[in-house]
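Beneath this line is the structure, given in structure tokens, with notes to follow.
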Amino acid sequence: MSHIKTELSDGVLSIRFARADKKNAITQAMYGDLARAVIAGQDDPAVRVIVFGAEGDSFSAGNDIGDFASIAMSGTRPTDMAVFDFLKSLAYLDKPAVAAVRGRAVGIGLTLLLHCDLVVVAEDALLSTPFVNLALAPEAASTLLLPMAIGHQRAFELFALGEPIDGRTAHAWGLANRCVASAEVDAEARRLAGLLARRAPGSLAGTKRLMRDAERLWALMQAEGEVFGAQMLSPEAREAFTAFFEKRAPNFG
């Protein structure tokens with residue numbers, strides 16, 4: 001049973017995380033389904049807008065740590081993982097993308113938003129990028145896109161300290177277009193998607209291509225992956241993952 005659900009209605013393709021019992025933590029199988037859904041949406045002329053959302057009370061807890069750790073310890077290069085198929089699909093997506101965020105948005109749950117053109121966030125949502133907490137490195141071209149969106153100091157704080165910010169702060173910093181009550185998030189995202197779906201699709205795509213350098217983003221994603229991969233096999237990362245599973249603070253000496 002897939003944990004990624006898709007539905008097309010009135011030109012809007014909804015792509016939803018559907019693993020609510022695990023806070024929508026993303027496995028490599030889910031990344032493969034996400035990539036296929038985005039590529040299909042990009043190629044289908046009936047799709048005018050893509051909306052990323054989630055079932056349950058969290059947008060996404062980020063990578064499924066157990067799934068991720070087992071693959072990492074096998075020696076698989078990050079750039080060979082299904083997550084990179086998804087990242088590449090985002091880099092080259094020129095149709096408008098909207099995100100509807102409630103609850104936790106961790107790691108890629110936040111960096112995905114940097115590839116969305118309109119973001120609706122719940123006031124009490126909690127967004128974080130705890131890459132350094134796990135002795136890893138940022139991904140999804142976020143080392144470029146996050147500082148561009150909110151400034152170097154704020155981006156570095158999110159990366160280096162890994163502490164969450166709430167939806168109101170995310171909106172004030174420029175990570176979201178709308179900040180609403182949690183119960184209103186999906187409806188507001190659908191409303192905005194409906195407005196986009198009625199705009200000229202060629203004009204929207206052209207505008208988005210002018211605003212984003214897909215080749216640069218994809219090249220940076222691969223460069224980030226090399227650093228990520230080196231860290232993933234480091235003693236620091238082994239200590240961080242061990243500490244995570246043992247529910248203790250890591251000791252980096």
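The values are calculated or read from the model by the stated rules, or taken from the named source; none is laboratory data. Please read all numbers here as calculations on a predicted model, not as lab measurements. Cβ sites come from the backbone with ideal geometry, for glycine too, and all protein chains shown count toward neighbours. Areas reflect the complete protein model, heavy atoms only, side chains present, ligands, DNA and RNA absent. Shrake-Rupley method; radii C 1.70, N 1.55, O 1.52, S 1.80 Å.
For this structure, a couple of remarks:
- Elements of type helices (runs of 4 or more DSSP H) in region 1-117, at least 2 residues being among the small types (Gly, Ala, Ser): 28-43, 65-73, 82-91
- Residues of region 133-147 that turn out to be at pLDDT 95 or above and part of a helix (DSSP H, G or I), as a count: 6
- The one condition from (1) outside any helix (DSSP H, G or I); (2) open to solvent by less than 30 Å² (accessible area, probe 1.4 Å); (3) not aliphatic (A, V, I, L, M) that ASP124 does not meet is (2).
- Number of the exception - ASP213 against (1) without any contact (Cβ under 8 Å) to a residue 12 or more places away in the chain; (2) under 20 Å from the mean Cα position of the chain (by Cα); (3) on the phi > 0 side of the Ramachandran plot: (3)
- There is no residue in region 172-181 that is more than 26 Å from PHE59 (Cβ to Cβ) and either in contact with a helix residue (DSSP H, G or I) (Cβ under 6 Å, 6 or more places away or on another chain) or part of a helix (DSSP H, G or I) (or both).
- Candidates PHE241, PHE252 - the one that is modelled with pLDDT under 95, farther than 21 Å from ASP124 by Cα, assigned to a loop (DSSP other than H, G, I, E, B) and of a type in the set (A, V, I, L, M, F, W, C): PHE252
- Taking the criterion of being under 12 Å from ALA193 (Cβ atoms), without any contact (Cβ under 8 Å) to a residue 60 or more places away in the chain, among the aliphatic types (A, V, I, L, M) and surrounded by 18 or more Cβ atoms within 10 Å (Cβ to Cβ), the residues of region 1-46 that qualify are LEU13, ILE15.
- Condition check for ALA172: more than 21 Å from LYS23 (Cα to Cα), touching a Leu at 6+ places or on another chain (Cβ under 8 Å) and surrounded by fewer than 20 Cβ atoms within 10 Å (Cβ to Cβ): no
- Every residue from region 72-95 that is open to solvent by less than 40 Å² (accessible area, probe 1.4 Å) and out of contact with any Gly (no Cβ under 6 Å at 6 or more places or on another chain): ALA72, MET81, VAL83, PHE84, PHE86, LEU87, SER89, LEU90, ALA91, LEU93, ASP94, LYS95
- Across region 196-218, the number of residues qualifying as open to solvent by 60 Å² or more (accessible area, probe 1.4 Å) and part of a helix (DSSP H, G or I) comes to 8.
- Selection within region 55-95: residues that are of a type in the set (Ser, Thr, Tyr) and modelled with pLDDT of 95 or more. The member of this set that is nearest to the chain's Cα centre (by Cα) is SER60.
- First in region 50-68 and farther than 13 Å from PHE131 by Cα, second anywhere and open to solvent by less than 30 Å² (accessible area, probe 1.4 Å) and in a helix (DSSP H, G or I), Cβ under 6 Å, 6 or more apart: ILE50/GLY41; VAL51/ALA189; VAL51/ALA193; PHE59/GLY109; SER60/GLY109
- Whether a residue is acidic (Asp, Glu), open to solvent by 50 Å² or more (accessible area, probe 1.4 Å) and part of a helix (DSSP H, G or I) was assessed, and GLU184 passes this test.
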